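I have placed the structure first, in the form of structure tokens, so that the comments after it can refer back to it.
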Amino acid sequence: MIKMKAGIIGCGNISGIYLKNLKDSPLVEVVACADLIPERARQRADEFNIANVYNVEELLARPEIDLIVNLTIPASHANVDIAALEAGKHVYSEKPLAVTLEEGLQIISLADQKRLRVGCAPDTFLGSTVQTAKAAIESGLIGRPIAATAFNMGLGPEAWHHNPEFFYAPGGGPMMDMGPYFLAAMVELLGPACRVSASTGIQIPDRMIGSGPNSGKAITVQTPTHLAGTVDFENGSILTMITSFDIFGGSDLPWMEIYGTQGTLSLADPNYFNGDVKLRRPGQEQWETLEPVFECGRNERGLGINDMVQAIENHRDHRASAQMAYHILEIMHSFQQSSSEGRHIVLESRYRTVALNLLK
Ligand SMILES: NC(=O)c1ccc[n+]([C@@H]2O[C@H](COP(=O)([O-])OP(=O)(O)OC[C@H]3O[C@@H](n4cnc5c(N)ncnc54)[C@H](O)[C@@H]3O)[C@@H](O)[C@H]2O)c1
């Protein structure tokens, strides 16, 4: 099979793991990269032996490139996706799909119109943690799922990220940044969500860049940094979720648990692909670790790109899709809307995930 030629736009922090993983892909060949800051593109090209460094316009005009991997900051996701689609390219973007719901819908409708694919991170739900839990639920191991918890209890990334401002701008914050990992897992495990209620706030407004050339510079916080709420699913399950950049003393709350009528599943950090899934049934004191349904590395970012390319070849739906990302974007926005309007938000979008059978 001929590999699909891809161009990377956005050569910052996260591009390293994508380029490392895509180097081994039997389906995708990265032939070019671009960044608003040309030195960043040049540096990645040297590091990963990428043949061409272009500016964004030049890269989008290259006829041999069929796929754009958009690894820019959230505020640029929609613009870059739309420019890529206009140029006739498929696109796979980092999360979130877009900052606003309107932009998200615009991307989906342009892709439909152009008959092109849009994929979106996270693809962590395709890893062994979530897929092992999914197999357990489908085999009836915990009975009927009735409730769940998801806790992202941490600090923001300003201690280690050299350009952390975007994490505190619209499109960032602990919901837009970390929420997609938890919500993709929950939608994969519980199906479509239908309603959200929440309280949100900026509990710690004073922030400072902690490393790199801008160390010591104050960060303006423009988005909630602590969000607590509930999400109702169509299957009747109720998710309790907290996602925070404001937890300075740490926490022992579990990452994610699914409660069924005959047992509980406890899942590892959904930011990674291959953590433990534990089961406890009524009357048991100890957790039992389930055998993973397949072998998987810890950071397999790019799995969703390979799946999308394979899906294009085989004329099937791809899994880390814009439709799934839009449903997640609507859930995330609804936390803020519910808090500011003091009411439950009924979701308009629905998404049923695509069955997994041949990823590995
Ligand atoms: N850093 C992480 O650990 C991490 C993990 C998972 C996902 N992500 C996601 O990946 C994306 C990028 O994050 P990052 O940490 O790599 O950020 P970063 O700031 O390190 O890199 C982003 C790069 O995109 C470039 N850029 C911005 N707008 C552009 C545009 N319009 N055209 C071309 N280049 C543009 C910037 O110059 C920068 O080099 C974000 O959506 C983030 O949520 C990051």
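Computed from the coordinates by the stated procedures, all read-outs in this text should not be read as laboratory data. This structure is a prediction, so every number in the text was calculated from the model and none was measured. All Cβ positions, glycine included, derive from the backbone under ideal geometry; neighbour counts span all protein chains shown.
I want the antiparallel fraction of DSSP beta bridges within the chain, as a percent rounded to 5.
Details: 37 of 63 bridges.
DSSP beta bridges in the chain are roughly 60 percent antiparallel.
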Given a cut-off of under 8 Å on Cα pairs at least six residues apart, what relative contact order in percent is computed for region 181-339?
-> 22
Listed by chain and number, the lysines with an alpha carbon less than 30 angstrom from that of K89, same-chain partners under 8 positions apart left out, are K3, K5, K20, K23, K114, K360
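With +1 assigned to the C-beta of every Lys and Arg and -1 to the C-beta of every Asp and Glu, and no other charges, what is the dipole magnitude of the chain about the Cα centre in debye, to the nearest 20? Don't jump to the answer; show the numbers that get you there.
Numbers: 29 positive and 41 negative charges, 81 e Å.
Once rounded to the nearest 20, the dipole reads 380 debye.
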Could you work out Rg/(2.2 N^0.38 Å) for region 243-292, with Rg from alpha carbons only?
-> 1.32
Distance in nm between T100 and L36 label points, each 7 Å along Cα→Cβ, equals 1.8
Region 269-324 versus region 221-244: alpha-carbon centroid distance in Å = 21
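So what is the relative contact order for region 79-215, in percent, with contacts set as C-alpha pairs under 8 Å and at least six apart? Display every interim value, and only then the final one.
Working: 115 pairs, mean separation 35.4, N = 137.
Relative contact order for region 79-215 comes out at 26 percent.
Convex hull over the alpha-carbon atoms of the chain: what's its volume per residue in Å³?
Details: hull volume 48.6 nm³, N = 360.
Considering the Cα atoms of the chain, their hull volume per residue is 135 Å³.
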Could you give the nm distance between label points at L253 and S109, where each point is 7 Å from its Cα heading toward the beta carbon?
-> 3.7
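Please give the peptides 164-176, 21-33, 198-210 ranked by average Cβ packing (other Cβ atoms within 10 Å per residue), highest first, as a rough proxy for protection. Please report the intermediate quantities before stating the final value.
Details: 164-176: 22.8, 21-33: 18.7, 198-210: 15.9.
Final packing ranking: 164-176, 21-33, 198-210.
Determine, for each peptide in 1-10, 250-259, 125-134, the mean count of other beta carbons within 10 angstrom over its residues, then list the peptides with the highest first. Don't skip to the end; give the middle numbers.
Working: 1-10: 19.9, 250-259: 16.5, 125-134: 24.6.
Going from most to least packed, we get 125-134, 1-10, 250-259.
Could you order the peptides 67-78, 278-289 from most to least packed, using the average number of other C-beta atoms within 10 Å per residue?
Numbers: 67-78: 23.2, 278-289: 11.6.
Listed from highest to lowest mean packing, they are 67-78, 278-289.
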So for region 153-311, taking the charge dipole from beta-carbon charges (+1 Lys/Arg, -1 Asp/Glu), which of L265, P224, S197 sits furthest toward the positive end?
-> P224
Note, ³J(HN,Hα) from phi for region 29-37, Karplus 6.51, -1.76, 1.60, rounded to Hz, x at Gly and Pro = 10, 7, 10, 7, 9, 8, 8, 4, 9
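For the chain, what is the relative contact order in percent, using Cα pairs closer than 8 Å and at least 6 residues apart in sequence?
On the way: 811 pairs, mean separation 68.7, N = 360.
Relative contact order for the chain comes out at 19 percent.
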Each label point is 7 Å from the Cα along the Cα-to-Cβ direction; what then is the distance between the points at T261 and M208, in nm?
-> 5.6
